[in-house]
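Since the structure comes first, as structure tokens, the remarks are kept for the end.
The values are calculated or read from the model by the stated rules, or taken from the named source; none is laboratory data. Note that the coordinates shown come from a computational prediction; the quantities given were computed from them, not determined experimentally. Counting neighbours? That spans all protein chains shown, and the Cβs are built from the backbone with ideal geometry, glycine included. With ligands, DNA and RNA removed, areas are computed over all heavy atoms of the protein, side chains included. Shrake-Rupley method; radii C 1.70, N 1.55, O 1.52, S 1.80 Å.
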Amino acid sequence: MDGPSGTGKSTVARRLADALGAAYLDTGAMYRVVTLAVLRAGVDPADASAVLRCAESTDLRIGTDPTRADVRIGDEDVAAEIRLAPVTQAVSAVSAVPRVRELLVARQRQVVSEARGRSGGIVVEGRDIGTVVVPDAELKVYLTASADARAARRSAQDAAAGRSSTVDATKADVERRDRLDSTRAASPLRPAVDAVEVDTTELDIPGVLDRLLGMVRERGLDHAVAGR
């Protein structure tokens with residue numbers, strides 16, 4: 001499942017995985033962990049070599065249980081800290097470093113392979129899943145929504161989590177990240193040619209989830225997961 005920030009991607013992906021009894025992987029959280037490590041080390045996010053060294057030395061650990069956010073550096077829980085503004089501001093620059101992407105894509109493919117073998121299914125979300133990470137996925141979905149709708153959702157999420165933000169500032173940041181993520185040279189944000197595009201502007205989370213579950217059932221993937 002791919003798409004820009006604020007489309008409901010993470011919430012829907014978690015709920016879909018939970019409904020199917022599948023594993024779940026948030027690849028964006030992995031880039032955020034590396035970004036946090038870069039910031040803690042005082043490294044310039046534009047210094048590709050230094051960023052790569054941080055990525056290689058960071059003990060990134062991420063769980064695949066859709067019911068809980070398990071994101072760590074070593075034994076330290078960083079699930080909340082990676083969502084703060086400094087990381088959000090720098091993550092596009094860090095994730096644009098080609099060697100960092102190579103490193104994390106290899107890790108992501110390993111997680112996917114292990115989950116497929118263990119539980120028979122996994123829901124993976126990010127920005128290059130259908131195009132790069134799992135190009136042979138049985139179902140590829142690309143979520144979209146208007147910039148206004150995405151900004152309102154992200155601002156509401158920030159408020160609920162106790163993070164200060166305004167809709168206007170959030171919209172500017174959403175559009176900035178869209179521009180950076182879709183124009184980077186390495187694995188730009190874009191739908192796979194065989195992805196099903198779903199516009200979530202007028203849909204709530206249950207509505208999006210119902211549509212995705214319908215796609216899963218149409219392709220017989222719910223039986224494939226449950227039968228393994």
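Structure data summary
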quantity: Magnitude of the charge dipole, the chain, Cβ model with Lys/Arg +1 and Asp/Glu -1, debye to 20; calculated: 220
quantity: Phi to ³J(HN,Hα) by Karplus 6.51 cos²θ - 1.76 cosθ + 1.60 over region 66-81, Hz, x for Gly, Pro; calculated: x, 8, 8, 8, 10, 10, 9, 10, x, 9, 8, 6, 10, 4, 7, 5
quantity: Within the accessible area of the chain (1.4 Å probe), percent carbon and sulfur; calculated: 49
quantity: Note, ³J(HN,Hα) from phi for region 130-143, Karplus 6.51, -1.76, 1.60, rounded to Hz, x at Gly and Pro; calculated: x, 8, 10, 5, 10, x, 9, 4, 5, 9, 10, 10, 10, 8
quantity: Residues with amide H under 5 Å from that of ALA195, placed H, sequence gap 5 or more; calculated: none
quantity: Å² of accessible area per residue within region 10-128, as computed with a 1.4 Å probe and no ligands counted; calculated: 43
quantity: Length released on extending from ARG163 to ASP75, taking residue separation times 0.36 nm less the Cα-Cα span; calculated: 29.2 nm
quantity: Long-range amide H partners of THR144 with built H, under 5 Å; calculated: VAL198, ASP199, THR200
quantity: Translational D in µm²/s for the chain (Stokes-Einstein at 37 °C, 0.692 mPa s, Kirkwood Rh from C-alpha pairs); calculated: 184
quantity: Most to least packed among 5-15, 63-73 [average Cβ atoms within 10 Å]; calculated: 5-15, 63-73
quantity: Under-5 Å amide H pairs with SER187, H placed in peptide plane, nonlocal only; calculated: none
quantity: Heavy-atom accessible area per residue - region 163-216, 1.4 Å, Å²; calculated: 56
quantity: Average projection area in nm² (convex hull over Cα atoms of region 141-192, one quarter of hull surface); calculated: 4.2
quantity: Bins of 5 Å, starting at 0 and running to the largest distance - Cα pair percent for region 92-221; calculated: 2, 9, 15, 18, 20, 18, 14, 4, 1
quantity: Rg/Rg_ref, region 15-113, where Rg_ref = 2.2 N^0.38 Å and atoms are Cα; calculated: 1.06
quantity: Ordering of 161-167, 210-216 by burial proxy (mean other Cβ atoms within 10 Å per residue, highest first); calculated: 210-216, 161-167
quantity: Inter-probe distance in nm under a simple model that places probes 7 Å from Cα toward Cβ, at GLU175 and LEU213; calculated: 3.7
quantity: Inverse of mean 1/r across different Cα pairs in region 10-54, Kirkwood, Å; calculated: 12.2
quantity: Charge-dipole axis of the chain as Lys and Arg at +1 and Asp and Glu at -1 on Cβ define it, positive-most pick from LEU20, VAL105, TYR31; calculated: VAL105
